[in-house]
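Take a look at the structure below.
The values are calculated or read from the model by the stated rules, or taken from the named source; none is laboratory data. Here the structure is a predicted model, which means the values were calculated and not measured. Heads up, the Cβs are rebuilt from the backbone with ideal geometry, glycines too, and the neighbour counts pull from every protein chain shown.
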Ligand SMILES: O=C(O)CCC(=O)C(=O)O
Ligand SMILES: [Fe+2]
């Protein structure tokens, strides 16, 4: 399943107090992000935890690996923590194309990514169920915490 979402961030009178979108990783396999040339997209650098602004380049796509990428590659790659900062001067538009498997897919480390030295780090999970639970929990007050891929992590 692939879907497209358009985001609009109006100018914000207090950009120090608000974010356009809080820190998150996408649950997708990967997301392609394209923007209108106004900056705001930031990624968290793993080495020192700093937020780094990505220079906006029009007519290009930014590849954002999501949770499924991390599971499929058995953590040879990690999902990317990112956020959106707003500014008081300019509105900003972005478009994301989100690539996810079909509803009934079982997500698990790919055969090619595991061996005896590097056994699977995740139990299989049902993508459709994961997605629906995550989607609904965005709007509901739940007793349980939001579903995460760490729920399926195999501890050594
Ligand atoms: O607007 C952006 O630059 C990124 C948006 C984003 O991360 C998202 O919609 O998941
Ligand atoms: Fe995102």
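Listing for the model above:
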| item | result |
| --- | --- |
| Matching residues in the range 25-37 - criterion: being within 12 Å of ligand 1 (Cβ to nearest atom) and touching a strand residue (DSSP E or B) at 6+ places or on another chain (Cβ under 7 Å) | 26, 28, 30, 31, 32, 33, 34, 35, 36 |
| Pick from the range 1-18, criterion in contact with a strand residue (DSSP E or B) (Cβ under 6 Å, 6 or more places away or on another chain) and surrounded by 15 or more Cβ atoms within 10 Å (Cβ to Cβ), ranking: nearest to residue 94 (Cα to Cα) | 7 |
| Restricting the range 21-34 to residues that are at pLDDT below 95 and more than 16 Å from residue 69 (Cβ to Cβ), the residue that is nearest to ligand 2 (Cβ to nearest atom) | 21 |
| Number of the exception - residue 63 against (1) modelled with pLDDT of 95 or more; (2) part of a loop (DSSP other than H, G, I, E, B); (3) closer than 30 Å to residue 12 by Cα | (2) |
| The range 40-57, subset in a loop (DSSP other than H, G, I, E, B) and near ligand 1 (Cβ under 9 Å from one of its atoms), residue modelled with the lowest pLDDT | 56 |
| Conditions (1) within 16 Å of ligand 2 (Cβ to nearest atom); (2) touching a helix residue (DSSP H, G or I) at 6+ places or on another chain (Cβ under 7 Å): number failed by residue 82 | (2) |
| Selected residue [within 11 Å of ligand 2 (Cβ to nearest atom) and in contact (Cβ under 8 Å) with a residue 24 or more places away in the chain] from 38, 98 | 98 |
| Of the criteria (1) under 15 Å from the mean Cα position of the chain (by Cα); (2) over 27 Å from residue 122 (Cβ atoms), which one residue 35 fails | (1) |
| Test: residue 98 is within 27 Å of residue 153 (Cα to Cα), modelled with pLDDT of 95 or more, near ligand 1 (Cβ under 9 Å from one of its atoms) and surrounded by 12 or more Cβ atoms within 10 Å (Cβ to Cβ) | yes |
| Of the criteria (1) in a loop (DSSP other than H, G, I, E, B); (2) buried (at least 17 other Cβ atoms within 10 Å of the Cβ); (3) out of contact with any helix residue (DSSP H, G or I) (no Cβ under 6 Å at 6 or more places or on another chain), which one residue 74 fails | (3) |
| Failed item in (1) under 15 Å from the mean Cα position of the chain (by Cα); (2) in contact (Cβ under 8 Å) with a residue 12 or more places away in the chain, with residue 150 passing the rest | (2) |
| Hits in the range 77-101 - residues which are farther than 16 Å from residue 19 by Cα and in a loop (DSSP other than H, G, I, E, B) | 77, 78, 79, 80, 100, 101 |
